[in-house]
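**Student:** Sending over a structure as structure tokens; questions will come in a sec.
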Amino acid sequence: MARKQNWYTDWPNGYARGLRTGGDPAEALRLSFDQRMKQPSILSSLVVNDLLAAYYLFFSWKRKVKPKQPGIAAFSYHRKSGQTVMAAVFTHVIAIEAFGVHVLVMRWSEIAAWVLTAADLWLLFILWADCRASAIQPIEMHPDGLRIRYGMRIQADIPYRWIAAVDTALEFHPSKAESKHSVLPMVTPNVKITLTETTTVQGLLFMPKQVESIYLALDEPAAFAHAVKKMQY
């Protein structure tokens, strides 16, 4: 009788196959989980999130942004967003907060104090991994659709026929109702991609989400919108 394989035992095989087919390590790792789970669980999404964070933070420094390829346009989103500066500010704030909370909670529970400190360290771990991911994986416009890899915040593959409209603005401020059916970049967006139908994408922590629109903050929003419209016709 064949042994039943689970996502936590079989993903290394999928990862190895992804590398052999020419995929980059991060994409091979993400897809090795996606292809084995019809309905990702919170646990599997957290595992993917933390493994990819470790890759970006510790093992991606020799990797550079892909050179321009014929037929593929790339659009960055980390240069004008001030992401690194924001991460540095948050690091400073979290470090001060973590120290104060640790000292305060230590009076009542040493275990609780260290748990809270570990949570703050994990948050910084994810924050800087996202910064690194944003720098080396631009949004790519392929002949058959958009390949959105927006740091560790948004992962989506959108055929052009699924795009109803691409709008740009200095700033978009979606309402709470709109946000429920959208995926957001966690910074003020300047691009809104409206979809023709509800589509599953991966949002924060690589959790799947059904969305009707995708918001992005790009370095060159007008050029991106123009390029998408051009590919649709």
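The values are calculated or read from the model by the stated rules, or taken from the named source; none is laboratory data. Please read these numbers as outputs of a predicted model, since none were measured by experiment. We place every Cβ from the backbone using ideal geometry, glycine too, and count neighbours over all the protein chains shown. Remember, those area values only see protein heavy atoms, side chains included, never the ligands or the DNA or RNA. Shrake-Rupley method; radii C 1.70, N 1.55, O 1.52, S 1.80 Å.
**Student:** Can you tell me, using C-alpha contacts under 8 Å and at least 6 residues apart, the relative contact order of the stretch 42-191 as a whole percent?
**Tutor:** 24 percent.
**Student:** About the Cα centre of the stretch 107-200, how large is the charge dipole given +1 on each Lys and Arg Cβ and -1 on each Asp and Glu Cβ? Please answer in debye to the nearest 20.
**Tutor:** 80 debye
**Student:** Continuing with this model, one more query. For the stretch 116-161, what is the accessible area per residue in Å² when the probe is 1.4 Å?
**Tutor:** Each residue of the stretch 116-161 exposes 35 Å² on average to a 1.4 Å probe.
**Student:** A follow-up question, please. Apply the Kirkwood formula to the stretch 149-218: the hydrodynamic radius equals the inverse of the mean of 1/r over all pairs of different alpha-carbon atoms; give it in Å with one decimal.
**Tutor:** Answer for the stretch 149-218: a Kirkwood hydrodynamic radius of 12.0 Å.
**Student:** Using the Cα atoms as the points, what is the convex hull volume per residue of the stretch 80-233 in Å³?
**Tutor:** Once divided by residue count, the hull of the stretch 80-233 is 121 Å³.
**Student:** Please compute the length gained on full extension between V93 and E110, using 0.36 nm multiplied by the number of residues separating them and subtracting their Cα-Cα distance.
**Tutor:** Difference between extended and current length: 3.9 nm.
**Student:** In square nanometres, what is the average projected area of the Cα convex hull of the stretch 87-126?
**Tutor:** Mean projected area of the Cα convex hull: 2.4 nm².
**Student:** Could you tell me what percent of the accessible area of the stretch 145-233 is made up of carbon and sulfur, with a 1.4 Å probe and every protein chain present?
**Tutor:** Whole-percent figure for carbon plus sulfur exposure: 56.
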